[in-house]
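Data block below; observations after.
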Amino acid sequence: MGMNHRTAPLALREHYAIEDVAPALTKLVDRDVITEAVLLSTCNRVEAVACAPRLEVARGRLRSFFERDLAQGPPPDVGASLSDALYEHSGPEAVRHVFRVASSIDSMVLGEPQILGQVKDAYRAATAAGSCGGVLTRLFQHAFATAKRVRNETRIAERPVSVARVAAELASEIFESMADKCALLVGAGEMTELALEAMRESGLSRVRIANRTRARAEALASRFDGTAHDLEELPELLAQADVVLTSIGGHEPVVVRQQVERALHGRGHRPLFVIDLGVPRNVDRRVDELDGVYLYDVDDLGRVAEANAEERRREKIRAEAIVLEEAQRFDGWLAALAAVPTIRDLRNRAEAIRSRELERALARLESADSPREVLEALTRGIVNKLLHAPVSRLRAQEDREQGLATLEAARALFALDEREPEALPSQDEEPEGP
Amino acid sequence: MNLHALTEAIYLLAAVLATLGLALPQPRLSRAAVVALAGGALVHAAAFFQAHEFRIPPHVSGLPGAVSLAAWLGTLFFLVLVRRPRLRGLVVIVAPAAFLGVFFGSGGLAPAAAPTEVPIWAQAHVLLASAGFALLGVAGGAGALFLVQRRSLKRKQSGSRSRALPPLEALDRVNALAISVGFLLLSLAVVTGVLWTVEREGRLWPGSPHASAALVAWAIYAALVASRWLAHQGATRAAQSAVAGFAILAAAVVGVGVLP
């Protein structure tokens, strides 16, 4: 059960978001209603993944958990209530949802990589709080493996979709390595700073900042470990730069063709990547006509980002198929898990019959009966007692349809339609030595 | 086992994998193409030395043998370059070229019916010319990919396929290195060719169409190298020159050789 960016506005998600999940998990999990739980709280979703024996009771418990334990004071007046925002999935749908979340198919930005780390953190926190048992451990491990498969087998996370990341990726299509490159930031803006950050993550080390206001340039220079310059130094700075990022106010271009042409002569025809994020644009469009210069403005980057997003949307279909396949695999495991108590009871019953019959046979052996007769009686007794209950039930069926179904189940359970094996392997039987 | 047919099959497999790796695009296929190409180079070496009775250097005298040798040397040069992972995309040019080289040069791999002694200058000439041809071929391939990559960046059409190709800077570096070393080897091939002619015919210039075409190609490359290093030619012009230069060289050396 939970809410995400599609069902709840940010103000509502904030209201239920939680940082330290351990105390909340302790309140939520008990032996009867919620046996296991993991809490996932990110900027885009607040979700409780729970394991419960009775669905209806668990539903009420989870709802009150959101209302009482997660809510930070009275609900905000944002035109959306908790009941409108909450969604719930159970059974196979819930499994599929967890796999979709971990694989970033359910994310606001399709294929974004952060969510997998956040799901792993949530799982680790639940494990540390002791609220994660056998089922959820298996579920989350399977979710991580599914996310890995989606990432490896599809291109859902391959191409960036933010303008800043697109700029960094384009730089990597021009330059072999960013380690020896120099970036020149002209002006300042959130987008240019993000693009610069992304390039620094790719190894960019040298940064120069030119601004109309020296103080602002110095502030940015200290933040990016670069040097501050005045705008008048632009011609010399252009000759040294490999990447130029501009975002500065004004209606006239700050970087003109002649300046770049001169700079190119002084730089041995090394390529120059110019990212113009200014609106109005800061770089003369004719700069793009120069050989070795690659000029991208906001719209150009936006188009590349949109094309990448479209590619991710196409990949989503393949990712959904992988998630479905893995969810079915997990459901199979879960179904097998449900059979465990029945198998245990069946074995206990058979074992009790075997022990009783063995006691009886040993007593008869002591009273000097023939061993052959004793063994005959022992094995017949075990077979009769094992088959007594199922045979009685088969004979006692009154409802014709149910009777046929039971008969079919019996034939399947005892493999009556398969060829009788010559010798059934015993569980205790050891392979014979040479 | 027919090592020649095996070499052809492995190079063809590498070419198909490389093409699919770029078309889909799927980096795993490109990696597999490089591995296949390396395997092909090993089998190629075995086939070559078996055909030439394990002589070092092999006694290559004919054009098919020289083309096959060039394909092998070009593949080896690429395998050295590909230690830089970002140059892996070059496989899309190198693998088909290696296949075509072996396919065309099948005569050079066929076991010699009656091995003949090849003069030392002739051996040196063929080896140097093959190595030069191989490197200038790689330079041409890098130049072609540079132009494709540049076009997509200039047209703002960057996509997964551009990402699968090497970056412009790396392609330009390969182009510069291959063209410089290739030209040096080609120059040495011309010198050894002259020495061979002197030894054989007692004159400096044989006057054959092959010799004339090769000299023209050498002169063109000399101009390209001079404009690259002395006139500081830009990367785009250098890429165009490398492609055009190799086309002329291939036409001059191989074309003249196969024409009646």
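The values are calculated or read from the model by the stated rules, or taken from the named source; none is laboratory data. In this text, all values refer to a predicted model and were calculated from it rather than measured experimentally. Cβ sites come from the backbone with ideal geometry, for glycine too, and all protein chains shown count toward neighbours. In case anyone asks, the SASA skips ligands and DNA or RNA and just uses the protein heavy atoms, side chains included. Shrake-Rupley method; radii C 1.70, N 1.55, O 1.52, S 1.80 Å.
For segment B:247-255, indicate whether the set of residues that are open to solvent by 40 Å² or more (accessible area, probe 1.4 Å) and within 14 Å of chain A (Cβ to nearest Cβ) is non-empty. Looking through segment B:247-255, none of the residues is open to solvent by 40 Å² or more (accessible area, probe 1.4 Å) and within 14 Å of chain A (Cβ to nearest Cβ).
Reported count of residues in segment A:176-214, each being without any contact (Cβ under 8 Å) to a residue 12 or more places away in the chain and out of contact with any strand residue (DSSP E or B) (no Cβ under 9 Å at 6 or more places or on another chain), is 2. Picking from residues in segment A:83-118 that are polar (S, T, N, Q) and part of a loop (DSSP other than H, G, I, E, B), the one that is most open to solvent (accessible area, probe 1.4 Å) is A:90.
Filter segment B:62-102 down to the residues that are assigned to a loop (DSSP other than H, G, I, E, B) and over 15 Å from residue B:36 (Cβ atoms) and list them by number. Lay out the reasoning, then the answer.
Step one: filter segment B:62-102 for residues assigned to a loop (DSSP other than H, G, I, E, B), giving B:62, B:82-84.
Correct list: B:62, B:83, B:84.
Candidates in segment B:229-238 are the residues that are in contact (Cβ under 8 Å) with a residue 12 or more places away in the chain and over 20 Å from the mean Cα position of the chain (by Cα); of these, the one that is surrounded by the fewest Cβ atoms within 10 Å (Cβ to Cβ) is B:229. Looking at A:202, A:177, just one residue is assigned by TED's automatic domain parsing to the domain that holds residue A:255, in contact with a helix residue (DSSP H, G or I) (Cβ under 7 Å, 6 or more places away or on another chain) and surrounded by fewer than 20 Cβ atoms within 10 Å (Cβ to Cβ), and that residue is A:202.
With the requirement that a residue be facing chain B (nearest Cβ under 7 Å) and in a loop (DSSP other than H, G, I, E, B), what does segment A:268-303 give you? Listed by number, the residues that qualify are A:268, A:269, A:271, A:291, A:292. Tallying residues that are in a helix (DSSP H, G or I) and of a type in the set (D, E, K, R) within segment B:201-220 yields 1.
Among the conditions (1) over 19 Å from residue A:182 (Cβ atoms); (2) hydrophobic (A, V, I, L, M, F, W, C); (3) open to solvent by less than 20 Å² (accessible area, probe 1.4 Å), the only one that residue A:243 does not satisfy is (1). Scanning segment B:130-140 finds no residues that are at pLDDT 90 or above, touching a helix residue (DSSP H, G or I) at 6+ places or on another chain (Cβ under 9 Å) and at the interface with chain A (Cβ under 8 Å from one of its Cβ atoms).
Residues of segment B:157-193 that are within 23 Å of residue A:306 (Cβ to Cβ) and open to solvent by 40 Å² or more (accessible area, probe 1.4 Å): B:157, B:161, B:163.
Just so you know, in segment A:123-172 the residues that are of a type in the set (Val, Ile, Thr), part of a helix (DSSP H, G or I) and over 30 Å from residue A:338 (Cβ atoms) include one that is least open to solvent (accessible area, probe 1.4 Å), and it is A:166.
Note on segment B:141-168: among residues that are among the charged types (D, E, K, R) and either in contact (Cβ under 8 Å) with a residue 60 or more places away in the chain or under 28 Å from residue B:105 (Cα atoms) (or both), the one that is farthest from the other protein chains (Cβ to nearest Cβ) is B:161. The residue list B:174, B:198 contains one member that is farther than 30 Å from residue B:121 by Cβ and either of a type outside the set (Lys, Arg) or part of a helix (DSSP H, G or I) (or both), which is B:174. The number of residues in segment A:20-56 being open to solvent by 30 Å² or more (accessible area, probe 1.4 Å) and more than 22 Å from residue A:133 (Cα to Cα) comes to 2.
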